[in-house]
Amino acid sequence: RRLLQIAAHNSRERRLWTAGVNELTAATEEELAVMRGHRAEPRDEAAASAPDFSKAKEAPPSRVDWREHLPTVVTAVKDQGQCGSCWAFASTEVVETHIALTTGVLMEMAPQQVVSCTPTPSSMPDAGGCAGLNAERGLAYVSKSGIDTQWRYPYLSGITKQTGECMGNGTFASRLAGITGFSSLPGYFQVPDGMTQGDVMKMAVAQHGPIAVTVAAGNWHFYASGIFDGCDTFTVNLDHAVVLMGYGEGTDMHQGVTHWWLVRNSWGTTWGEKGYIRLARYPNSEPCGFAGGLQLACGE
């Protein structure tokens, strides 16, 4: 059935993206759902407020791609496997890059520590670890407890499908790095007058670096390349945590000028554009398929 869906999509004229066969093509719906592990909860108002982007003196550049920063501040794309740990990967990857921007040292940090050690909120007893959580909880844990490296605390949950015991108080983890705090960007109803949330996202990623975002990824397993414009504005289910790495624009022979968000995923490098996806961006409109309350970190 999925092969027919891929063929049907690719036969469409004027399409912006290409569907393809990958390691997820044969996955069951249950296996795909496990990999989308964002679990929403009421926004933590204790998080530091974001900068007031309405007072910015300069407009953001037309294009940002943090993969091109020199020296490099972005680690290799990872594969979360069969664990709902996207939230831990998103928070860990944001921490990695912001520490590198602050200190000049790029380290691969341990998403396994975030998966196993982040406390599960009492209001969500069925969440946490491989059962899913959110990047805000992951960043809060790293801010309080610090984080070890991937080499010292390797990721196993993608294979075992288990959250795993927290080794934070033992010999496997220590505070080799951390963050001093994080900010949540304004939600839809807190955006400054005259700006859209898309404007705020552009300002944040251009001026401060990559940010953890929540997206509707129910159809992403088909994606191979191009600018994904499959967001259903009527049935958006925000279920996956990823990292917003930048944005850009280009010219399509059928659609004219096209704009996109550059997003880093945690489904390995055989998926998408070497682990990344470009999502259609609509200037002067609210972004489709993104959640409010996006997070950026402050490196330590």
>> Can you confirm whether residue 62 is in contact with an Asp or Glu (Cβ under 8 Å, 6 or more places away or on another chain) and under 16 Å from residue 206 (Cα atoms)?
In response: yes
> How many of the residues in region 12-33 are of a type in the set (D, E, K, R) and without any contact (Cβ under 8 Å) to a residue 60 or more places away in the chain?
Replying inline: 4
> What's the number of the condition residue 131 fails, among (1) crowded, with 23+ Cβ neighbours inside 10 Å; (2) at pLDDT 95 or above?
Replying inline: (1)
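So that you can scan it fast, the table gives a plain yes or no per residue for (1) on the phi < 0 side of the Ramachandran plot; (2) at pLDDT 95 or above; (3) within 22 Å of the chain's Cα centre (by Cα):
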| site | (1), (2), (3) |
| --- | --- |
| 26 | yes, no, no |
| 36 | yes, yes, yes |
| 41 | yes, no, yes |
| 45 | yes, no, yes |
| 58 | yes, no, no |
| 64 | yes, yes, yes |
>> Are there strands (runs of 3 or more DSSP E) fully within region 226-300 with at least 2 residues that are at pLDDT below 65? List them.
In response: 295-299
>> Checking the condition at pLDDT 90 or above, in contact with a strand residue (DSSP E or B) (Cβ under 8 Å, 6 or more places away or on another chain) and not β-branched (Val, Ile, Thr), which residue from 139, 185, 106 passes?
In response: 139
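Filter region 198-218 down to the residues that are among the aliphatic types (A, V, I, L, M) and in a helix (DSSP H, G or I) and list them by number.
Scanning region 198-218 gives 200, 201, 203, 204, 205, 206.
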>> If I filter region 134-154 down to residues being surrounded by fewer than 23 Cβ atoms within 10 Å (Cβ to Cβ) and among the hydroxyl-bearing types (Ser, Thr, Tyr), which single residue comes out as farthest from residue 92 (Cα to Cα)?
In response: 145
> Looking at region 119-126, is at least one residue in a loop (DSSP other than H, G, I, E, B), modelled with pLDDT under 95 and of a type in the set (A, V, I, L, M)?
Replying inline: yes
> Among all residue pairs at least 6 apart or on different chains, which show Cβ distances below 8 Å where the first residue, located in region 85-109, is over 21 Å from residue 163 (Cβ atoms) and the second is charged (D, E, K, R) and at pLDDT 95 or above?
Replying inline: 96/108; 106/96; 107/96
> Does region 165-172 contain any residue that is in a loop (DSSP other than H, G, I, E, B), out of contact with any strand residue (DSSP E or B) (no Cβ under 6 Å at 6 or more places or on another chain), among the small types (Gly, Ala, Ser) and at pLDDT 80 or above?
Replying inline: no
>> I'd like the full set of residues that are touching a Pro at 6+ places or on another chain (Cβ under 8 Å) and either under 15 Å from residue 147 (Cβ atoms) or among the hydroxyl-bearing types (Ser, Thr, Tyr) (or both), limited to region 65-90.
In response: 78, 85, 88, 89
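The values are calculated or read from the model by the stated rules, or taken from the named source; none is laboratory data. Note that this is a predicted model, so its numbers are computed, not measured. We place every Cβ from the backbone using ideal geometry, glycine too, and count neighbours over all the protein chains shown.
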